């Protein structure tokens, strides 16, 4: 109990700052992985959506009458945006979960 009231030494403060820097670096890496995975998914979803949308707008009478170029672009961009955010979110959460499990097992009292 008395140890909590003692001021931290400069070495303890620097180790806390190093730990904070490490956590910040891990968070940046998690978010970067999410952005890259989301961009890949958005590119794939754009292509996978654009081909049938444009083809149906040229071949099907209903689509030709009702899907102008703005509607086609809206369909493709909506699917790309959804793919980006879903994949990026899942990637960030999976990376954070994996890192928290790695951190938990390496710092557990049984291992020290």
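Quick note: the coordinates plus some simple rules give every number you see, no bench work behind them. Note that this is a predicted model, so its numbers are computed, not measured. Heads up, the Cβs are rebuilt from the backbone with ideal geometry, glycines too, and the neighbour counts pull from every protein chain shown.
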For this session: Arrange the following residues from fewest to most other Cβ atoms within 10 Å of their Cβ: 79, 36, 87.
Result: 36, 79, 87
Problem set entry | Percentage, to the nearest whole number, of Cα pairs in segment 10-104 over 23 Å apart | 49 percent
Seminar exercise, completed: Here the gain from full extension of residue 18 to residue 82, 0.36 nm per residue of separation minus their alpha-carbon distance, amounts to 19.4 nm
Exercise. What's the extension gain from residue 64 to residue 90 if we count 0.36 nm per residue and subtract their Cα-Cα distance?
Worked result: 5.7 nm
